[in-house]
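These notes are about the structure you will find just below.
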Amino acid sequence: MRAVRVHAYHEPPRLEEVPEPTVSGPHDVIVEIGGAGLCRTDLHIIEGQWAEISGVQLPYTIGHENAGWVTEVGSAVTNVAVGDTVILHPTPTCGLCLACRAGDDVHCENSSFPGIDSDGGWRSTCTPTPGPASKLDEGTNPQDVAALADAGITAYHAVRKAMPLLHPGTHCVVVGAGGLGHIGIQSLAALTATEITVVDPNPEALELAEQIGAHHTVLADGSQVDQVAEISHGGAQVVLDFVGEAGAEKQAPALLKNGGSHFVIGYGGALDLDTIQIVSREINVIGNLVGTYNDLVELMNLAQRGLVTLHTQTYPLDAVHDAIADLEHGRIRGRGILVP
Ligand SMILES: [Zn+2]
Ligand SMILES: [Zn+2]
């Protein structure tokens, strides 16, 4: 089989032959890939941003947003069977540590992140996972949901955390209506009654935002802070920043009302905030990492009821380098998906 492997940072990954995976532990599930999401994190991996944090040995197979069909299971696997359609939670966890016991499996002490710190799913056939795989309705096409495994769950997790702040009468600004942002908008619309304003430099992205739940859209043309202030009557209670780089992260606090919360979801930039601003305005900066197993189950419920739809652009695995270039240059609407 073939896989897309990173051999060196700052170099395009290579599509090459690798051995077929086999079950090596009792909890392993082997999944034939039906679709694998292409994520800005993959670009950040290639740029070397994750090298130290993940400590991964090169070369390795990237791809952390995977869905497909079970082909083989380890002796202890009871929740899925051969033939099931599944989506893979991006961070397999132990289920036993205190964080897992508390349902906060994002902070599991024994988790891994296939595609980031170990081999992932950009493959022509199967990927191994130490579990858990979440079973989907029969007939779900994996390529339609694969990116919900990370892009989706991350956006949903942030919305779920922001929910108590977003009672009726509040305003939420979504910065960035790309792969994550468009799931965030739909999750906000499904879970809250907040007024949603979406900011993006791309008019087509704003058009999509309007179709999926945005009440107002603002073109990021330099006047967005003033426009948001006018629409939201002085600022939003919550800013969901799906960009987190290229200046968006520095602008976010100006979009908030006093007492507001800046949820940082996209990354790559740096915050530069005077402590007196944080104190005198009593604003919050909140980090968000992926999501819990339950977040994924809840999001799949919304997806299978048609309340959250992933907008995708598919590429055959052979076109992986075109897909990466399209993502780099902002040419993908919604989410890029590699289909073996
Ligand atoms: Zn991702
Ligand atoms: Zn754990």
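The values are calculated or read from the model by the stated rules, or taken from the named source; none is laboratory data. Keep in mind the model is a prediction, meaning the values are calculated, not measured. Ideal geometry is used to build each Cβ from the backbone, glycine not excepted, and the neighbour counts take in all protein chains shown. The protein model used for the area step is the full one, side chains on, heavy atoms only, and it has no ligands, DNA or RNA in it. Shrake-Rupley method; radii C 1.70, N 1.55, O 1.52, S 1.80 Å.
Do the conditions hold for PRO92, that is, is it closer than 20 Å to THR154 by Cα, in contact with a strand residue (DSSP E or B) (Cβ under 7 Å, 6 or more places away or on another chain), within 16 Å of ligand 1 (Cβ to nearest atom) and touching a residue at least 24 places away in the same chain (Cβ under 8 Å)?
Yes; evaluated as a whole, the condition is true for this residue.
State the number of residues belonging to the stretch 62-89 that are free of Cβ contacts under 8 Å to residues at least 12 places away in the same chain and among the hydrophobic types (A, V, I, L, M, F, W, C).
Count: 1.
Select from the stretch 137-169 the residues that are open to solvent by 50 Å² or more (accessible area, probe 1.4 Å) and assigned to a loop (DSSP other than H, G, I, E, B) and write down the one among them that is nearest to ligand 2 (Cβ to nearest atom).
ASP137
Consider only pairs whose beta carbons are under 7 Å apart and that are at least six residues apart or on different chains; among these, list those whose first residue lies in the stretch 183-208 and is on the phi > 0 side of the Ramachandran plot and in contact (Cβ under 8 Å) with a residue 40 or more places away in the chain and whose second residue is of a type outside the set (Lys, Arg) and surrounded by 20 or more Cβ atoms within 10 Å (Cβ to Cβ).
none
Output the residues belonging to the stretch 208-218 that are open to solvent by less than 70 Å² (accessible area, probe 1.4 Å) and either in contact with a Cys (Cβ under 7 Å, 6 or more places away or on another chain) or not in a loop (DSSP other than H, G, I, E, B) (or both).
Hits for the stretch 208-218 are LEU208, ALA209, HIS216, THR217, VAL218.
Given the options VAL77, VAL4, VAL56, name the one that is open to solvent by less than 50 Å² (accessible area, probe 1.4 Å), farther than 18 Å from ASP117 by Cα and either of a type outside the set (Asp, Glu) or touching an Asp or Glu at 6+ places or on another chain (Cβ under 8 Å) (or both).
Exactly one of VAL77, VAL4, VAL56 is open to solvent by less than 50 Å² (accessible area, probe 1.4 Å), farther than 18 Å from ASP117 by Cα and either of a type outside the set (Asp, Glu) or touching an Asp or Glu at 6+ places or on another chain (Cβ under 8 Å) (or both), namely VAL77.
Of the residues VAL70, VAL106, only one is touching a strand residue (DSSP E or B) at 6+ places or on another chain (Cβ under 7 Å) and either more than 16 Å from ARG5 (Cβ to Cβ) or open to solvent by 10 Å² or more (accessible area, probe 1.4 Å) (or both); which?
The conditions single out VAL70.
Among GLU245, GLU249, which is the only one that is crowded, with 21+ Cβ neighbours inside 10 Å and acidic (Asp, Glu)?
When all the criteria are applied, what remains is GLU249.
For THR129, state whether it is closer than 19 Å to ILE87 by Cβ, under 15 Å from the mean Cα position of the chain (by Cα) and within 16 Å of ligand 1 (Cβ to nearest atom).
So THR129 does not fit the description; no.
Which one of these is closer than 24 Å to ILE337 by Cβ and more than 16 Å from ligand 2 (Cβ to nearest atom): GLY48, GLY68, GLY74?
GLY68
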